[in-house]
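> Before I ask anything, let me first share the structure, which is written out below as structure tokens.
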Amino acid sequence: MIFRRVYLFLFLLLPNCKKNGNVKTIEINGNKVKVEIADTPGERLLGLQGRDTLPPNYGMLFVFPDEKRREFWMFRCKFDIDLAYIDASGIIREIITMKKEPPIRPIDSLKSYPSHSSRIKFALETMGGWFLANGVRVGTQIDLRRFYALY
């Protein structure tokens, strides 16, 4: 897929992206979750890849400048990840568990996880199984208004 080749090209050109740099706390269904904010192209490209695990109640919130269909995939991820696609109102529209891929695999063969909605403004990644274990479902609303100031 062309996007994946562009990704590799950009990844090699982008400066090192921070990890654990901009951490905020959000609340979902009464659960406090610390999230790293991925609000630049480099941070969004890097995502959670290369990490061995995540601490409990921890994740990454991807903040996009616009609303559209999104697509994620598991490149160099060492554990299953739950992905919530969230609209501009903070409503979870889809929850997907992305399965860990074999460590050495051609990038074009990785499974992709596109959103069904074309109105996705945010994405939240947590450890696989986190949403189910914490009673978070499609339709749950999260207050993400403070993240609009990023754009």
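Coordinate-derived values only; no laboratory data. Note that this is a predicted model, so its numbers are computed, not measured. Positions of Cβ are backbone-derived with ideal geometry, glycine not excepted, and every protein chain shown enters the neighbour counts.
> Evaluate the distance, in nm, between pseudo-label points positioned 7 Å from the Cα of Lys111 and of Lys68 along their respective Cα→Cβ axes.
2.6 nm
> Mean shadow of the range 53-100, computed from the convex hull of its alpha carbons, in nm²?
The Cα convex hull of the range 53-100, projected and averaged over all directions, gives 3.9 nm².
> In the neighborhood of Phe147, defined by Cβ-to-Cβ distances under 12 Å, what is the net charge if each Lys or Arg adds +1 and each Asp or Glu adds -1?
+2
> Right, another one. At a threshold of 8 angstrom on Cα-Cα distance, excluding pairs fewer than six apart, so keeping six or more, what relative contact order does the range 34-87 reach in percent?
44 percent
> Let me know the number of lysine pairs in the range 39-151 closer than 21 Å at the Cα, not counting same-chain pairs under 8 apart. Don't jump to the answer; show the numbers that get you there.
Numbers: Lys68/Lys111; Lys68/Lys121; Lys78/Lys99; Lys78/Lys100; Lys78/Lys111; Lys99/Lys111; Lys100/Lys111.
Taking the range 39-151 as the scope, the lysine pair count is 7.
> For Ala88, which sequence-distant residues (separation of 5 or more, or a different chain) have an amide H within less than 5 Å of its own amide H, given hydrogens modelled in the peptide plane?
Close amide H contacts, sequence-distant or interchain: Lys121.
> Step through the residues of the range 66-78 one at a time and calculate ³J(HN,Hα) from phi using the Karplus curve (6.51 cos²θ - 1.76 cosθ + 1.60, θ = phi - 60°), rounding each to whole Hz and writing x for Gly and Pro.
Those phi angles translate into 8, 9, 6, 5, 10, 9, 10, 7, 9, 10, 6, 9, 9 Hz.
> Tell me, what ³J(HN,Hα) does each residue in the range 56-64 have, in order and in whole Hz, if you take phi through Karplus 6.51 cos²θ - 1.76 cosθ + 1.60 with θ = phi - 60° and put x for Gly and Pro?
Karplus values, whole Hz, x for Gly and Pro: x, 6, 9, x, 10, 9, 8, 10, 10.
> Please work out the ratio of the alpha-carbon Rg of the range 100-151 to 2.2 N^0.38 Å and round it to two decimals.
Computed over Cα atoms of the range 100-151, the ratio equals 1.52.
> In addition: List the residues, sorted by chain then number, that are 5 or more residues from Met127 or on another chain and whose placed amide H is less than 5 Å from its amide H.
Under 5 Å from the amide H of Met127: Tyr58, Asp82.
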